[in-house]
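Chemist: Before anything else, here's the structure in question.
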Amino acid sequence: EDEAASRMEDLMEWIRSSNDGYFNENIEVRRTDPSDTMSRFGMFATSDIDANEHLLYLPEECLLQLDNDDLEHHYVSDMASLAKAVANEMKLGEESDYAPFMNFLKTQKGGRIPSAWSKKGKKLLKS
């Protein structure tokens, strides 16, 4: 069984079921090589998608917020705060508001979460 793939399905359902959450029906998220449970996940179009069509929308309720009032913290401080917030949510287990996301993160190797992506990858995610 591919636990990460199962957790990915839970994550997509969590996004879809949240207030204003949207995940385009013409996209599937799956492993780049479906026969290899170690391959990375990717988004694949299942049919044509218009140039201005949205792919997904994450409402604020799905975003893990840091408890920092000062948004101008140094990068290392922000990363430490983020790590602490993720650790706290993981400790909550299924009681966490972010349980589907935390459960998916637990299945991932290092470097596969957006905070570890290159600047170019992060910019693409924001566009």
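Chemist: Can you tell me how many residues in segment 101-127 are open to solvent by 30 Å² or more (accessible area, probe 1.4 Å), at pLDDT 75 or above and part of a helix (DSSP H, G or I)?
Modeler: Matching residues across segment 101-127 total 3.
Chemist: Taking into account only those residues within segment 35-88 that are within 20 Å of residue 9 (Cβ to Cβ) and of a type in the set (D, E, K, R), which is modelled with the highest pLDDT?
Modeler: 36
Chemist: Just checking, how many residues over segment 1-39 are surrounded by 12 or more Cβ atoms within 10 Å (Cβ to Cβ), not in a helix (DSSP H, G or I) and not β-branched (Val, Ile, Thr)?
Modeler: Let us first name the residues in segment 1-39 that are surrounded by 12 or more Cβ atoms within 10 Å (Cβ to Cβ), namely 2-16, 18, 21-24, 26-31, 37, 39.
If we keep only those that are not in a helix (DSSP H, G or I) too, we end up with 2, 18, 21-24, 26-31, 37, 39.
Then drop every residue that is not not β-branched (Val, Ile, Thr), which leaves 2, 18, 21-24, 26, 28, 30-31, 39.
Residues meeting the conditions: 11.
Chemist: Evaluate segment 45-61: report whether one residue or more is more than 26 Å from residue 83 (Cβ to Cβ), assigned to a helix (DSSP H, G or I) and not hydroxyl-bearing (Ser, Thr, Tyr).
Modeler: No, every residue in segment 45-61 fails to be more than 26 Å from residue 83 (Cβ to Cβ), assigned to a helix (DSSP H, G or I) and not hydroxyl-bearing (Ser, Thr, Tyr).
Chemist: Specify the residue that is farthest from residue 100 (Cα to Cα); the eligible residues are those in segment 40-69 that are open to solvent by less than 100 Å² (accessible area, probe 1.4 Å) and of a type in the set (Gly, Ala, Ser).
Modeler: 47
Chemist: May I ask you to list pairs of residues, at least six apart or on different chains, whose Cβ atoms are under 7 Å apart, with the first in segment 15-29 being under 18 Å from residue 99 (Cα atoms) and the second being assigned to a helix (DSSP H, G or I)?
Modeler: Sorted first by the residue in segment 15-29, then by its partner, the pairs are 15/62; 18/61; 18/62; 19/61; 21/15; 21/62.
The values are calculated or read from the model by the stated rules, or taken from the named source; none is laboratory data. All values derive from a computational prediction rather than experimental measurement. Glycine gets a Cβ as well: all are built from the backbone with ideal geometry, and neighbour counts include every protein chain shown. Each accessible area value is taken on the protein alone, full model and side chains, heavy atoms only, with ligands, DNA and RNA left out. Shrake-Rupley method; radii C 1.70, N 1.55, O 1.52, S 1.80 Å.
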